[in-house]
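Inspection log for the structure reproduced underneath, given as structure tokens.
The values are calculated or read from the model by the stated rules, or taken from the named source; none is laboratory data. Keep in mind the model is a prediction, meaning the values are calculated, not measured. FYI the Cβ positions are ideal-geometry reconstructions off the backbone, even for glycines, and counts take in every protein chain you see.
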Amino acid sequence: MSAVVEHEPASAPRVVEDVVCTACGCVCDDIELQLERDRIIGARNACAMGTARFLAYRPEPGPACLVEGRPATFADGVERAAHILADARYPLIFGLADTTSEAQRVAVSLADWVGACVDSTILEAHGAMTAALQSVGQVTSTLGEVRNRADLVIVWRADPIESHPRLFSRYALDPRGNFLPGGRGDRYCAIVDVRESASVREAADEFICIKQDGESDALWTLRALTRGIELDPSAVETATGTPLAIWQGLTDRMIGAKYGVLFYGAEPLGTRRRLAIPHAIHLLVRDLNERTRFVCMPLRGGGNLVGALNVMAWCTGYPAAVSLAGGYPRHGPGEFHADGLLGSGQADAALIVSDDPTSRLTAEAKEHLERIPRIVLCSEASGASRDATVLFRTAVFGINTDGTVYRMDAVPLPTRAVLASSFPSEEGVLRAIERRVRSLGAADRDARTEGE
Amino acid sequence: MALSLRQSARTSLPVSVEGVIPERLRDKSIGEIERREILHGNRRIPLAELFRVSGDPSDGRIDFEGEPLRCHHIGRRMSGGEIVVHGDAGHHPGAEMSGGKIRLEGNAGDWLGAEMKGGLIEVSGSADRRIGSAYPGSRRGMTDGTILVRGDAGDDVGTSMRRGLVAVGGGCGDGVGSGMIAGTILVLGSCGEHIGAEMRRGTIGIFGADPTRLLLTFRRAGQFRPLFLRLIARELARLGFPLPPGLCEDELTLYHGDLLSLGKGEIWLRDDGGTR
């Protein structure tokens with residue numbers, strides 16, 4: 001459970017190669033960390049985001065477990081947590097985006113034992129991608145395939161230079177691929193966005209500016225042009241903010257590409273419902289595959305959100321918003337999403353796995369969360385989780401723990417513990433709670449059998 | 001005399017009354033009905049813990065009474081008889097029903113009549129998202145039957161519907177009739193965006209005064225007075241859902257689409273101000 005502390009000579013900095021970075025969806029696996037005692041002092045190959053994440057690592061001392069704000073033993077914490085979950089009539093397990101897939105798997109199993117709802121994501125945009133996947137599917141590939149084959153790179157309303165700093169240099173634009181010996185010179189990059197972003201300035205061969213509310217009309221225009229449907233030029237320009245000729249040019253380029261890839265942004269634009277956008281993108285790419293080879297990929301953020309979606313899908317059949325309250329998995333987009341369950345006041349206990357998934361909750365959901373017993377697994381000593389009913393300090397994901405993390409193209413990569421921690425991993429805590437919940441359930445059953 | 005289920009306890013947890021439908025209770029005694037299990041949070045409890053059961057189930061009518069519990073799955077998969085809800089309903093009322101009638105004297109949550117196959121649902125208040133729609137991963141939404149909502153409706157009304165009629169007295173959110181295969185949706189108020197996106201066949205009538213933005217892949221076909229609307233109006237009047245006076249005499253503007261799909265769908269607009 002708690003990791004073994006290695007004893008190194010005091011002054012010998014050591015280097016660990018091929019470390020996996022979880023700062024963004026690229027999940028780069030070529031980082032070289034320089035370590036001195038229990039600190040990280042350098043991160044070669046890492047981008048600014050990755051470096052910041054590694055250098056910010058400070059092992060903070062403190063109790064491993066707090067029950068109602070007071071230090072407690074690990075066993076007491078597990079006992080209390082197990083009772084909260086077993087006694088709850090509609091518990092919710094959520095977060096899961098910043099932990100290993102091994103821990104996510106135990107969390108889903110625990111949800112099954114206690115009849116909980118389990119949800120990884122509380123972002124509407126991710127719900128929209130999931131819905132698109134369920135209704136129209138997705139033509140996609142790995143980043144390796146993009147690196148070796150993609151001669152046309154389209155970025156749809158995203159700014160990878162800021163959000164995924166090594167996407168272009170490591171996979172999508174700069175590298176020489178098997179079929180692209182010229183590297184950057186063999187590729188064409190078009191960016192469609194509502195503003196001129198850093199990516200546009202630094203990487204784009206072509207920038208197409210669209211109106212704030214013209215996104216779906218732009219996608220519909222491209223779909224129509226791909227299918228050879230005539231459109232009214234003035235209507236297109238009014239709706240998208242860009243002349244039809246520009247869209248025709250982009251369509252010709254897409255159809256003419258040997259292998260195209262479309263990366264799209266995962267963050268919602270404005271407050272308006274964006275369900276239709278991922279749907280339209282997936283349909284466009286499906287249409288394009290009648291003319292050439294084309295794939296698409298959402299630019300997912302850091303942590304292991306893709307892992308959470310995958311683990312939940314192979315454990316329950318659904319990628320998010322699953323209720324196991326009836327004893328079998330039931331999927332309810334909108335119905336079983338964490339913010340909905342909390343906002344409507346239905347959940348009566350919560351287990352929050354990973355650092356701070358609460359920041360995106362609605363105000364009502366946060367308010368309700370404060371009223372119900374909650375168990376928080378968190379690697380930081382500070383923050384909103386301090387007043388949790390039971391708080392477990394855990395080892396830092398990606399630095400202190402072994403496990404699996406999914407890259408944004410759903411390729412699983414192993415993470416290794418580069419530094420030891422005195423705190424247990426999330427997987428360890430969840431396993432202990434699961435074991436106790438199961439023995440409570442068995443005791444319950446025995447009592448009932450005796451009663452009969 | 002109908003079977004009355006009067007709420008006798010308050011709860012903040014979700015209650016699912018799946019299986020509490022006329023055909024399953026018709027030949028049961030009050031005692032048997034009281035012992036029937038429903039899902040309360042994550043526990044199965046006897047119906048009598050939350051409801052006072054009285055009356056007679058043999059005539060095939062069930063009345064939900066008392067404080068609105070917002071029960072989920074009311075009338076799910078029912079094939080006959082009648083359910084009356086004196087208050088609000090939760091999610092999935094009348095989902096997958098194949099016959100009979102549900103009358104909601106209040107509001108409904110999401111998935112009202114989702115994938116229904118027949119029968120009639122009347123809602124006196126408003127309904128939330130995905131009325132008569134297809135569940136995630138399904139190819140078809142409602143395949144027959146009638147849904148009448150007097151108030152407003154949320155997003156995605158009639159997604160991938162295959163047959164049947166949905167009429168909304170107020171306005172609708174985005175995505176009305178998206179992916180529609182056939183059937184009819186009439187909206188007396190105004191609508192959001194993405195109307196009929198990917199629709200193959202079927203009719204969406206939007207009779208609100210607000211100008212509506214259509215997708216670029218719809219084509220204006222002209223103006224007409226559809227005879228078909230008179231037949232629907234007569235049927236709706238019989239069901240107690242009269243269309244506004246003069247609507248059947250008005251010239252409607254017809255649009256065809258979605259050209260990205262089959263393109264045989266129709267959108268009718270009454271007020272064509274500002275629409276392309």
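Points worth noting:
- Residue, farthest from B:I131 (Cα to Cα), within segment B:210-223, restricted to residues that are out of contact with any Leu (no Cβ under 6 Å at 6 or more places or on another chain), within 13 Å of another protein chain (Cβ to nearest Cβ) and not charged (D, E, K, R): B:F218
- Some residue of segment A:81-96 being in contact (Cβ under 8 Å) with a residue 40 or more places away in the chain, within 19 Å of A:F423 (Cα to Cα) and hydroxyl-bearing (S, T, Y): no
- Contact map, segment B:1-28: residues that are within 14 Å of another protein chain (Cβ to nearest Cβ) and without any contact (Cβ under 8 Å) to a residue 40 or more places away in the chain paired with residues that are part of a loop (DSSP other than H, G, I, E, B) and hydroxyl-bearing (S, T, Y), Cβ distance under 7 Å, separation 6+ or inter-chain. Pairs shown: B:L13/A:Y90.
- Verdict on A:A111 being touching a residue at least 40 places away in the same chain (Cβ under 8 Å), away from chain B (no Cβ under 13 Å) and surrounded by 24 or more Cβ atoms within 10 Å (Cβ to Cβ): no
- Scanning segment A:186-209 for residues that are under 15 Å from A:T251 (Cβ atoms) and under 27 Å from the mean Cα position of the chain (by Cα) yields a count of 2.
- For segment A:350-361, the criterion of being modelled with pLDDT under 95, closer than 16 Å to A:T99 by Cα, out of contact with any Leu (no Cβ under 8 Å at 6 or more places or on another chain) and among the small types (G, A, S) is met by no residue.
- Segment A:210-256, residues that are in a loop (DSSP other than H, G, I, E, B) and more than 30 Å from the chain's Cα centre (by Cα): A:R227, A:G228, A:I229, A:E230, A:L231, A:D232, A:G241, A:T242, A:P243
- Of the residues in segment A:187-204, none is within 21 Å of A:V306 (Cβ to Cβ) and buried (at least 18 other Cβ atoms within 10 Å of the Cβ).
- Screening B:G94 on (1) among the small types (G, A, S); (2) touching a Pro at 6+ places or on another chain (Cβ under 8 Å); (3) within 23 Å of A:Q346 (Cβ to Cβ) shows it passes everything except condition (2).
- Matching option when the condition is touching a residue at least 24 places away in the same chain (Cβ under 8 Å), surrounded by fewer than 23 Cβ atoms within 10 Å (Cβ to Cβ) and more than 18 Å from B:D128 (Cα to Cα), among B:G41, B:G31: B:G41
- Only helices (runs of 4 or more DSSP H) whose full extent lies in segment A:338-452 are considered here, and the ones with at least 2 residues that are touching a residue at least 40 places away in the same chain (Cβ under 8 Å) are A:338-343, A:426-451.
- Residues in segment B:160-178 that are on the phi < 0 side of the Ramachandran plot, within 9 Å of chain A (Cβ to nearest Cβ) and touching a Ser or Thr at 6+ places or on another chain (Cβ under 8 Å): B:S178 alone.
- Residue match in segment B:54-61 (condition: outside any strand (DSSP E or B), under 27 Å from B:V149 (Cα atoms), of a type in the set (D, E) and out of contact with any helix residue (DSSP H, G or I) (no Cβ under 6 Å at 6 or more places or on another chain)): yes
- Residues of segment B:179-209 satisfying the condition of being in a loop (DSSP other than H, G, I, E, B), in contact with a helix residue (DSSP H, G or I) (Cβ under 8 Å, 6 or more places away or on another chain) and either among the polar types (S, T, N, Q) or within 14 Å of chain A (Cβ to nearest Cβ) (or both): B:G179, B:E193, B:H194, B:A197, B:E198
- Looking across B:D63, B:D56, one residue alone is of a type in the set (D, E), loosely packed, with under 15 Cβ neighbours inside 10 Å and farther than 25 Å from A:D112 by Cβ. It is B:D56.
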